[in-house]
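Working notes for the structure below.
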Amino acid sequence: MRSYFWVLILLLLFSSSLMGQVFTSPLLQNDYKQLTTNHQLNRFLDSLQTSSAIITIDTAGFSARNRPIPLLKISEDSMKSQKPKVFFFAQQHGDEPSGKEGMLLLAEDFAFGNLDYILSEIDILMIPQANPDGGDAHQRYTAEGVDMNRDHLLMESPEVKVIEDVFDKYRPEVTVDIHEYGSYGKSWKEFGYRRDFDIQVGTLTNPNVSDSIIKYQKKEMLPFLEQEITQQGYSFFEYTLGHFPSGERLRHSTTDINDGRQSLGITNTLSFIVEGKNGKDSTHRIRERAFSQYHTGKAFLNFVFRNTDTIGELVHQQRQSLKEHPPGDSTIIRMDHFDGEEPLDFPLKSLKTGEDTVFVVEDYHYKIKPLLKVEEPHGYLVPKGDTALVNIVRNNHFKRDTVLKRSSRTIMGYETIEVEIVENEGLKNKNPMTIKQLMNHVKYEKYYYIPVQQIRRNKIIQAFELKAMWGIGNYDKFNQLIKKGKLFPVLRVE
Ligand SMILES: [Zn+2]
C-alpha cells in the first residue's frame with residue numbers, strides 16, 4: 001500500500017513537470033484561501049523580473065494611498081522592434097480580483113519560457129492590479145471613492161491616469177480590460193435562474209469607432225476567443241448587459257466613452273472588456289476564476305500572434321484616418337440601443353434543476369442607432385483660465401496646436417436657451433436647445449486650440465460638444481456649464 005502511494009506521488013510529480021510549469025503565484029502559495037495582496041504582488045513580480053530575461057517591471061504610478069501600480073513589459077527585445085502590442089489591465093474594480101490572479105499566472109507562464117513563441121510576433125503590457133487600494137480592501141471603488149471604470153474622461157483618480165498614460169506612451173493595438181460580473185445576486189436567486197458563463201467578452205459599441213475595427217472584433221476575434229476558451233472547458237458568451245429578471249432590455253453594455261474599453265477603443269484600438277463569473281465571496285471558486293482569466297488572456301495572445309500583420313495594418317490605417325482625414329463629416333453625439341430583427345438565445349442556469357434553459361429574447365437591443373449628428377469642427381477652443389477644463393485636455397492627452405490663424409476660421413459659441421432632460425441607456429441626461437453666436441472677436445491667446453485631427457479625435461468631439469450625451473456637461477462637476485442663458489465656454493472652430 002505504502003509503496004503504491006509513493007509511486008503515485010512520483011507519477012503525479014512527473015506528469016506535472018511534463019505538462020510544463022508548476023504555478024507558484026501568491027494565490028497558489030496561499031492555497032487559494034487568500035487573494036494576492038498588493039505587497040505580495042510586488043514581491044512576486046520582482047522575483048519574476050530577477051529570474052526572467054523577457055520580463056521588465058516598471059512602477060507606472062501610485063494609488064491614492066501610495067501603493068505602487070506595477071506595469072509588466074514582456075518582450076524578447078525590451079520592446080525595441082515595434083511589434084504589435086497587447087495591453088491587459090485588470091482589477092479597476094477592487095472587488096473583482098480574478099483578472100489580477102489570472103494575469104499573474106500568465107506572467108509566470110512567460111517567465112518559465114512556456115510562451116516564448118508568442119514573443120516572436122508580439123509585445124505585451126500588463127497592469128495586473130489597476131486599483132491596489134480597492135484590491136486590498138476588496139471594494140469596488142478606489143480609496144477616494146472613485147469608480148475607475150466611469151472615470152476615463154474626467155480622470156479624477158491617479159489610478160486611471162496610470163492606465164491612460166501607459167496607453168498613450170505605447171499605443172497598443174489591442175487592449176483588454178478585465179473584470180468580473182455578479183452571478184450570485186439575490187434578485188437572480190429569486191428569479192430562479194442565473195447567468196453561468198465563465199467568461200463574457202464585450203467589443204466596442206460606440207458608433208464613432210471605425211466600422212472595420214468593430215467588424216473585425218465581432219466577426220474574427222470573438223469566434224476565435226469562444227473556440228479557444230470553450231476548448232479549455234470554460235463557457236463563453238458575448239458580454240450582455242441588462243437586468244433580465246426585472247425585464248430590463250438586454251444590450252451590449254454602454255456606448256459611453258468613460259470606461260476602460262471604450263476610452264481606449266475610440267482611438268480605433270481593438271479594445272475589449274472581459275467579464276469573468278465572480279464567486280459568492282472573494283475567494284469562492286477562485287481557482288476556476290483565476291484559470292478562466294488565464295486561459296482568456298492566452299486566447300487573446302494566440303489570436304494576435306496568428307494575425308499580427310492584419311492587426312497592425314488595420315489599426316494603423318484607421319488611426320491614420322483619425323489624424324489625417326479632413327474635418328467636416330458628421331459625427332454621432334446622441335445614440336441609443338434598439339431592438340433588431342434577430343432574437344437572442346439567452347442560456348440561463350436553472351437553480352432548481354442545474355440545467356441550462358434557453359430564453360428566447362425577442363426584445364434584444366443589440367443595434368446602436370444615432371439620434372443626433374453634428375458636423376465635425378476643425379477644433380475647439382478651451383479657455384486657459386478654466387483649470388477644470390484644462391485638466392480634461394491634459395489628462396486625456398488631447399494635443400494642443402498653436403497654428404490657428406484667426407482670419408482663416410470661424411469661431412462659434414453656443415448659448416443654451418432651454419434644457420430638456422431625456423433618458424438614453426436608462427440614464428437621464430441633458431439635451432439642450434441652443435443658439436449660436438459668432439465669436440471671432442475672442443482673444444485667441446486666452447484659449448488652447450485643440451484640433452480634431454489627432455488620434456483622440458472622437459473623444460475630443462464627444463467630450464466638448466454641448467449636446468453630446470456623454471459630454472462633460474452631463475457630469476456633476478460641470479453641471480453649471482449647461483444652464484439656460486449660459487454660453488458654453490468651449491468654442492467651436494468651424
Ligand atoms: Zn468591473
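Table for the structure above
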{"read-out": "Residues (closer than 8 Å to residue 95 by Cα, open to solvent by 50 Å² or more (accessible area, probe 1.4 Å) and in contact with a helix residue (DSSP H, G or I) (Cβ under 7 Å, 6 or more places away or on another chain)) located in the stretch 135-149", "value": "140"}
{"read-out": "Check on residue 356, open to solvent by less than 50 Å² (accessible area, probe 1.4 Å) and in contact with an Asp or Glu (Cβ under 8 Å, 6 or more places away or on another chain)", "value": "no"}
{"read-out": "Matching residues, the stretch 310-355, being closer than 22 Å to residue 368 by Cα and assigned to a strand (DSSP E or B)", "value": "330, 331, 332, 333, 334, 335, 336, 337, 338, 344, 345, 346"}
{"read-out": "Among (1) more than 18 Å from residue 274 (Cα to Cα); (2) polar (S, T, N, Q); (3) within 16 Å of the ligand (Cβ to nearest atom), the one test that residue 187 misses", "value": "(3)"}
{"read-out": "Check on residue 157, more than 15 Å from the ligand (Cβ to nearest atom), in contact (Cβ under 8 Å) with a residue 24 or more places away in the chain, among the polar types (S, T, N, Q) and farther than 26 Å from residue 322 by Cβ", "value": "no"}
{"read-out": "Residue among 113, 134 that is outside any strand (DSSP E or B) and at pLDDT below 95", "value": "113"}
{"read-out": "Residue in the stretch 202-223 that is surrounded by fewer than 19 Cβ atoms within 10 Å (Cβ to Cβ) and over 29 Å from residue 266 (Cα atoms) present", "value": "no"}
{"read-out": "Residue ID - nearest to the ligand (Cβ to nearest atom), chosen from residues in the stretch 96-130 that are surrounded by fewer than 20 Cβ atoms within 10 Å (Cβ to Cβ) and farther than 26 Å from residue 310 by Cβ", "value": "112"}
{"read-out": "Selection count where residues are open to solvent by less than 70 Å² (accessible area, probe 1.4 Å) and either touching a residue at least 60 places away in the same chain (Cβ under 8 Å) or of a type in the set (Gly, Ala, Ser) (or both), scope the stretch 311-329", "value": "10"}
{"read-out": "Exclusive hit being at positive phi and not small (Gly, Ala, Ser), set 58, 31, 116", "value": "31"}
{"read-out": "Failed item, numbered, when residue 148 is tested on (1) at pLDDT below 95; (2) within 16 Å of the ligand (Cβ to nearest atom); (3) of a type outside the set (D, E, K, R); (4) out of contact with any strand residue (DSSP E or B) (no Cβ under 7 Å at 6 or more places or on another chain)", "value": "(1)"}
{"read-out": "Residue that is farthest from the ligand (Cβ to nearest atom), among those in the stretch 267-285 that are touching a Gly at 6+ places or on another chain (Cβ under 8 Å) and not in a loop (DSSP other than H, G, I, E, B)", "value": "271"}
{"read-out": "The listed residue being among the polar types (S, T, N, Q) and closer than 28 Å to residue 117 by Cβ, out of 278, 302", "value": "302"}
{"read-out": "Tabulated pairs, the stretch 180-206, first in contact (Cβ under 8 Å) with a residue 24 or more places away in the chain, second of a type in the set (Val, Ile, Thr) and assigned to a helix (DSSP H, G or I), C-beta under 7 angstrom, 6+ apart or interchain", "value": "199/229; 199/296; 203/214; 204/213; 204/214"}
{"read-out": "Residue count for the stretch 69-95, restricted to those that are under 21 Å from the mean Cα position of the chain (by Cα), open to solvent by 20 Å² or more (accessible area, probe 1.4 Å) and either over 13 Å from residue 125 (Cβ atoms) or within 14 Å of the ligand (Cβ to nearest atom) (or both)", "value": "1"}
{"read-out": "Elements of type strands (runs of 3 or more DSSP E) in the stretch 417-494, at least 3 residues being aromatic (Phe, Trp, Tyr)", "value": "447-451"}
{"read-out": "Scope the stretch 165-184; condition surrounded by fewer than 19 Cβ atoms within 10 Å (Cβ to Cβ) and either within 26 Å of residue 307 (Cα to Cα) or away from the ligand (no atom under 16 Å from the Cβ) (or both); matching residues", "value": "165, 168, 169, 170, 171"}
{"read-out": "Matching option when the condition is at pLDDT below 95 and aromatic (Phe, Trp, Tyr), among 237, 244", "value": "244"}
{"read-out": "Among (1) of a type outside the set (Phe, Trp, Tyr); (2) part of a loop (DSSP other than H, G, I, E, B); (3) surrounded by 14 or more Cβ atoms within 10 Å (Cβ to Cβ) - the single one residue 66 does not satisfy", "value": "(3)"}
{"read-out": "Scan of the stretch 369-400 for residues that are open to solvent by 50 Å² or more (accessible area, probe 1.4 Å) and in a strand (DSSP E or B), ordered by number", "value": "369, 370, 371, 372, 373, 375"}
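The values are calculated or read from the model by the stated rules, or taken from the named source; none is laboratory data. Because the structure is a prediction, the values reported are computed rather than measured. Ideal geometry is used to build each Cβ from the backbone, glycine not excepted, and the neighbour counts take in all protein chains shown. Quick note on the areas: whole protein, heavy atoms, side chains included, nothing else; ligands and nucleic acids left out. Shrake-Rupley method; radii C 1.70, N 1.55, O 1.52, S 1.80 Å.
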